[in-house]
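K.L.:
Have a look at this one.
The values are calculated or read from the model by the stated rules, or taken from the named source; none is laboratory data. Remember, it's a predicted structure, so these values are computed and weren't measured experimentally. Cβ atoms come from the backbone with ideal geometry, glycine included; neighbour counts cover every protein chain shown. In case anyone asks, the SASA skips ligands and DNA or RNA and just uses the protein heavy atoms, side chains included. Shrake-Rupley method; radii C 1.70, N 1.55, O 1.52, S 1.80 Å.
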Amino acid sequence: IYELIESNLNKYITGLSSINIIFIAPLPEFKYYPYSCFLNKKYCYNNKIDDLKRREKIVKIMEKLSKKYNHVYLFDSYNHICPNVDECSMYNSLEDILYFKDRDHLTIQGSEFLSKTFDNWLKLNFH
């Protein structure tokens, strides 16, 4: 299936050569919902290494295409929202931010948190 995804993306990108394209890499995906995190603190985390493996194939395709075409860019905020080496948390207790409203969708606060990173990334890539 990943070969088909890459092939189709190549076709679309070639047809859209007059515009810039930004891929947004997949964010973490958790096994449990946020209410489980608050009821039992051990369910706030996922194994970062396993989760990175989950998204590895699609990110490689995005990286390959962003290197192949000068109008294609990749924004990957995974390590910003998951700065720890071994685990990723859906809740930042230091700043009291719940990043995810379910297993893989950002809350408004999680989106606002990442928007600062995205703004900086845009400035670096598009002056």
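K.L.:
Please work out the Cα center distance from the range 28-70 to the range 103-127, rounded to the nearest Å.
P.N.:
Taking the Cα centre of the range 103-127 as reference, the centre of the range 28-70 is 16 Å away.
K.L.:
Per Stokes-Einstein, at 25 °C and 0.890 mPa s, what whole-number D in µm² s⁻¹ belongs to the chain, with the Kirkwood radius over Cα pairs as the hydrodynamic radius? Each step should come with its number before you reach the end.
P.N.:
On the way: Rh = 16.0 Å.
Result for D is 153 µm²/s.
K.L.:
Okay, next question. ILE97 accessible area, nearest 10 Å², 1.4 Å probe?
P.N.:
Approximately 20 Å² for this residue.
K.L.:
For each pair in LYS67/LYS101; LYS48/LYS116; LYS60/LYS123, compute the distance between the two Cα atoms and list the pairs where it is over 28 Å. Present the calculation step by step, with values, prior to reporting the outcome.
P.N.:
Working: LYS67/LYS101 33 Å; LYS48/LYS116 22 Å; LYS60/LYS123 24 Å.
Table pairs above 28 Å Cα-Cα are LYS67/LYS101.
K.L.:
On C-alpha positions alone, give me the angle between the axis of helix 108-126 and the longest principal axis of the chain, in degrees, nearest 10.
P.N.:
30 degrees
K.L.:
Return one number: the angle in degrees, 0 to 90 and rounded to the nearest 10, between the long axis of the Cα atoms of helix 48-68 and the longest principal axis of the Cα atoms of the chain.
P.N.:
Rounded to the nearest ten degrees, it is 20.
K.L.:
Turning to a different aspect of this structure: Just the number, please: percent antiparallel of the DSSP beta bridges in the chain, rounded to the nearest 5.
P.N.:
On the way: 6 of 10 bridges.
Bridges in the chain that DSSP calls antiparallel: roughly 60 percent.
K.L.:
Further question: Charges only on Cβ, +1 for Lys and Arg, -1 for Asp and Glu: so what's the dipole of the range 15-127 about the Cα centre, in debye to the nearest 20? It would help to have the intermediate numbers written out before the result.
P.N.:
On the way: 16 positive and 14 negative charges, 88 e Å.
Here the range 15-127 has a charge dipole of around 420 debye.
K.L.:
Right, next: Rank these by accessible area, largest first, 1.4 Å probe: THR14, THR107. Before the final figure, lay out each step's value.
P.N.:
On the way: THR14 85, THR107 20 Å².
Solvent-accessible surface, decreasing: THR14, THR107.
K.L.:
Considering only DSSP states other than H, G, I, E and B, which trypsin sites (Lys or Arg not before Pro) in the range 16-123 qualify as loop sites with at most 12 other Cβ atoms within 10 Å? Mind dumping the intermediate values first?
P.N.:
Working: sites: LYS31, LYS41, LYS42, LYS48, LYS53, ARG54, ARG55, LYS57, LYS60, LYS64, LYS67, LYS68, LYS101, ARG103, LYS116, LYS123; in loops: LYS31, LYS101, ARG103.
Sparse-neighbourhood loop trypsin sites (Lys or Arg not before Pro): LYS31.
K.L.:
With an 8 Å cut-off on Cα pairs and a minimum separation of 6 or more residues, tell me the relative contact order of the chain in percent. If you can, show how the numbers build up before the last one.
P.N.:
Numbers: 135 pairs, mean separation 36.1, N = 127.
Relative contact order comes out at 28 percent.
K.L.:
Follow-up question, since we're still on this one. Quick one: angle between helix 2-15 and the longest Cα principal axis of the chain, in degrees between 0 and 90, rounded to 10, please.
P.N.:
Its long axis makes an angle of about 50 degrees.
K.L.:
Still on this structure, please answer the following. So what is the orientation-averaged projected area of the range 1-52, using the convex hull of its C-alpha atoms, in nm²?
P.N.:
Details: hull surface 22.2 nm².
Its Cα hull, projected and averaged over all orientations, spans 5.5 nm².
K.L.:
Still on this structure, please answer the following. Only sites in a loop by DSSP and with at most 15 other Cβ atoms within 10 Å count here; which GluC sites (Glu not before Pro) in the range 37-127 make the cut?
P.N.:
On the way: sites: GLU56, GLU63, GLU87, GLU95, GLU112; in loops: GLU95.
Sites meeting the loop and neighbour criteria: GLU95.
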